[in-house]
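Notes follow the structure.
The values are calculated or read from the model by the stated rules, or taken from the named source; none is laboratory data. Keep in mind that this is a model prediction, so the values were computed, not measured. A quick note on method: Cβ atoms are made from the backbone with ideal geometry, for glycine too, and the neighbour counts reach across all protein chains shown. SASA here: full protein model, heavy atoms, side chains in, ligands and nucleic acids out. Shrake-Rupley method; radii C 1.70, N 1.55, O 1.52, S 1.80 Å.
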Amino acid sequence: MTGLTQQLIDLFAALLLLLAFAMLAQRRILSLIHLYTLQGAVLVAAAAVMGYATRQPHLYVSAGVTLALKVFLIPSLLHRVINRLNVRWDLEMLINVPTTLIAGIVLVIFAFYLAAPIAGLAASIARGTLGIALACILLSFMMMITRSKAVPQVIGFLAMENGLFFAATAATYGMPMVVELGIALDVLVGILILGVFMFQIREQFDSLDIRHLEKLKDD
Amino acid sequence: MSVLGLASQVLEIFAALALAPLLAGWVGQCRAWLQNRSGPGLLQPYRVLHKLFNKDSVLATHASPLFRTAPYVIFGCMTLACGIVPTLSTDLPLSPAADAIALVGLFALARVFAALAAMDVGTAFGSLGARREMLIGFLAEPALLMVFFTAALISDSTSLTTIVRTLSAREIGIQPSLALAAVALVMVALAENARVPVDNPATHLELTMVHEALILEYSGRHLALLEWAAALKLFAYACIGIALFAPWGVAHGQAPAALVFALPVLVAKLAAAGFLLALLETVSAKMRIFRVPEFLGMAFLLAVIAMLVKILLGAGPQ
């Protein structure tokens, strides 16, 4: 039984890594949101399997919260935002895709190297996946850096939070309930504020390109 | 080197030579069925080979000896490649001589000769095809090597027979690294065998062709050898996929009965692989040549992730 759950957790970890790369390479905003939804679903499955394997009921609760928030609520909010902003096919990258992907491989190697000594100390059944969680965080971070538009950056931020959640589940069987609920609410409020922010950027500059924000005042 | 090992080696090479055109015909037939056509029949590649071997070979005035020797070199490389991949038995006398890296080298040797021969006569199509072939080749090769390295990491050896023996002894389970490597291998195989997303095997005169542009100047027995070599290459890639990701049913060591049993299993697996290839080709559209680097870059990425996941998560159940 432990063999199977171990394999499932490894599989979900590999899927998360693959999805992080897919988001890095994705050019279209709509597909990006679909990938984010999928990432949330994998996260829910991973948390549920982990809860079953370790008999920790609070992992089921956090899986449920993740399901409601990251699979249903936030994607639907994002869909509404991009419909209102009418930016469904927007695509712009600061670096071309193959270069980004190769940089991504380097990041993954760095994350694995960094996580190896920590994983040696942990006693959790999913300790091997800590490196993957760290890699997901770094990859989402890079996605935020390489995009110039506001919406992909917000999705990158959310994906980074997904990676953090996975890291917490993998290393210590999840954070305390209070912290987890707090983070969930923070993400929800964050997406609402960022949504308002996106409308403000658009109103001000007639575009969602955040490079406009680099100027301090009109010359 | 035992008598049985020698026998299985010879049997394997002859099976490859005989079955390779059949596999090509099966893929063509499946494609025809999926596209609602009646198709040319399974034996069409044999008929084409027979026709070409009975025709005279025409050479250009400026063709050098290289142009004439290249078909034999390419055919020899592909036959040897089919002999190295363990499809029927893991007791192969050739296998200590050549491991997975040597196999990739054999494919590279064949590719270099094909490109040189295509440029030899000096037609525009030949050098265009040669350049495209090298573009695809230099991107596909590292991805193929990474796929082999993933399997080699799991079985602690680059020898293909050891890899097959270790992988088939393992209990069946979900292996993320092998799944990723399998997807990468399929992408590399599509590019290397001039199949649909990268090249169209059904066309003869089109500006986007790669494989057909390479062999445009050949005729008669030379063309027959090259066509046969192309079929052998497809066969070799299918066998690599089977050896790495579905190695069950291969005979181990001194077992004549298992050897007899291995052949129908191989044919069944090849039929499934050929149908999957035809299905993939039917549902995908040919991409622009400038998208190919991105396609193969993705294959390389998947293979590298497979290797990294293997290093971090371990092999799973042994």
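See the values below:
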{"item": "Label-to-label distance, nm, for residues given as B:T123 and A:A103 (7 Å Cα→Cβ offset)", "result": "4.5"}
{"item": "Probe 1.4 Å, all protein chains present, accessible-area order of A:Y52, B:Y46, largest first", "result": "A:Y52, B:Y46"}
{"item": "GluC sites (Glu not before Pro) restricted to DSSP loop in region A:110-203 with at most 14 other C-beta within 10 Å", "result": "none"}
{"item": "Estimated inter-spin distance, B:L4 and A:R28, nm [label 7 Å along Cα→Cβ]", "result": "5.7"}
{"item": "Contour excess over end-to-end distance, with Cα ends at B:H62 and B:R291 and 0.36 nm allotted per residue", "result": "78.9 nm"}
{"item": "Rounded Å value of the spacing that divides the Cα centres of region A:41-70 and region B:197-244", "result": "50"}
{"item": "Long pairs among A:K70/B:K286; A:K70/A:K149; A:K70/A:K215; B:K51/B:K233, criterion Cα-Cα beyond 27 Å", "result": "A:K70/B:K286; A:K70/A:K215"}
{"item": "Linear extension gain, B:I101 paired with B:A169, 0.36 nm per residue minus alpha-carbon span", "result": "22.2 nm"}
{"item": "Dipole of region A:68-219, positive end: most advanced residue of A:M142, A:L213, A:A116 [Cβ charges, Cα centre]", "result": "A:A116"}
{"item": "Estimated FRET transfer efficiency when R0 is 60 angstrom, pair B:I311-B:L207 (beta carbons, to 0.05)", "result": "0.85"}
{"item": "Whether chain B is rounded, prolate or oblate, judged on the alpha carbon gyration tensor where a/c under 1.5 counts as rounded", "result": "prolate"}
